[in-house]
Amino acid sequence: MCETCGRELHHPLAPSRRKFILGAAAIGLAFVGAAEAKEKRKQKENEEEKKKKPPKPQNVLSPDAALERLREGNARYVRGLALRHDFRHEREALAGGQNPYAAILSCADSRIAPEYAFDSGRGDLFVCRVAGNFASDEMIASLEYSVAVLNAPLILVLGHESCGAVDAAIKSLKDNTTLPGQLPSLVAGVGPAVKAVLQQGGDTLGSATRQNVIDTVSKLLTAGPILSAAVEQKKLKVVGGIYRLKDGRVDMVA
């Protein structure tokens with residue numbers, strides 16, 4: 001070993017090339033690690049922010065504003081002036097969740113399509129359908145989900161003219177006959193409304209259809225604990241309407 005190297009090795013303040021390289025590498029790794037940690041934190045924050053932010057911010061409405069939006073959509077539908085909906089980007093936005101601005105309890109009649117009737121896009125309406133648009137336990141549970149989990153501020157019970165389920169119930173109750181298969185369950189669902197108007201005379205089908213909507217709205221308003229609590233807290237409005245087959249107009253039922 002040369003004399004100079006020996007002096008450097010034994011001098012307490014002499015820098016070591018190896019130590020310098022190792023120290024620089026450690027500092028570099030520390031910077032890289034800090035940058036990666038920062039990037040991971042940023043990604044996590046972005047993911048959490050996405051989870052907090054609703055897929056369709058324009059659907060965050062008050063009950064009254066949601067009802068007005070339904071009215072406006074139906075007016076466009078009646079005039080035949082529907083909006084252009086960007087379904088591709090809506091699919092992307094809704095891949096991780098949904099926040100509909102209204103829930104619809106509608107008849108299953110093929111002529112009644114709530115998404116069309118209110119000129120809505122994907123993720124706008126939470127639609128439950130059953131012939132006769134009555135509130136069975138399953139329908140109420142589905143609507144509870146729309147309110148408690150998806151924060152829907154509005155429920156519309158949508159009846160329609162010339163409802164086959166209501167007409168079948170009228171005939172069954174008038175003639176005291178039992179329909180085949182599981183059809184008696186539909187009679188049981190709309191039966192109370194039919195019985196309430198049978199003695200009134202006039203347009204029994206129209207009166208029973210309207211009464212069925214009124215009864216269903218009343219049932220949902222008092223359905224505890226979820227729906228009734230949301231109504232009491234002014235977070236939810238429940239309304240009824242009748243769809244007119246000839247022009248597509250939805251007349252609200254008081």
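The values are calculated or read from the model by the stated rules, or taken from the named source; none is laboratory data. Since the structure is predicted, the reported quantities are computational estimates derived from the model, not experimental observations. Every residue, glycine among them, receives a Cβ derived from its backbone with ideal geometry; neighbour counts consider all protein chains shown.
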query: Would a scan of region 193-211 turn up a residue that is under 30 Å from Leu61 (Cα atoms) and in contact (Cβ under 8 Å) with a residue 40 or more places away in the chain?
result: yes
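Only residues that are in contact with a Lys or Arg (Cβ under 9 Å, 6 or more places away or on another chain) and farther than 17 Å from Ala103 by Cα: list them for region 230-250, please. Lay out the reasoning, then the answer.
Initially, region 230-250 is screened for residues in contact with a Lys or Arg (Cβ under 9 Å, 6 or more places away or on another chain), giving 231, 240, 242-243, 245, 250.
Correct list: Leu245 only.
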query: So Leu227 fits all but one of (1) surrounded by fewer than 21 Cβ atoms within 10 Å (Cβ to Cβ); (2) touching a residue at least 24 places away in the same chain (Cβ under 8 Å); what number is the exception?
result: (1)
message: Restricting to region 148-172, name every residue that is within 20 Å of Val231 (Cβ to Cβ) and crowded, with 23+ Cβ neighbours inside 10 Å.
response: Ala152, Pro153, Leu154, Ile155, Leu156, Val157, Leu158
- prompt: How many residues are in a helix (DSSP H, G or I) and either touching a residue at least 40 places away in the same chain (Cβ under 8 Å) or within 20 Å of Tyr243 (Cβ to Cβ) (or both) when one looks only at region 66-90?
  reply: 14
- line: Going through (1) modelled with pLDDT of 95 or more; (2) surrounded by 15 or more Cβ atoms within 10 Å (Cβ to Cβ); (3) touching a helix residue (DSSP H, G or I) at 6+ places or on another chain (Cβ under 8 Å) one by one, Leu186 fails only at (1)
message: If I filter region 130-141 for residues that are over 17 Å from Val157 (Cα atoms) and surrounded by 20 or more Cβ atoms within 10 Å (Cβ to Cβ), do I get at least one hit?
response: no
message: Quick check on this structure: which one of Leu143, Leu179 is more than 19 Å from Pro225 (Cβ to Cβ) and of a type in the set (A, V, I, L, M)?
response: Leu179
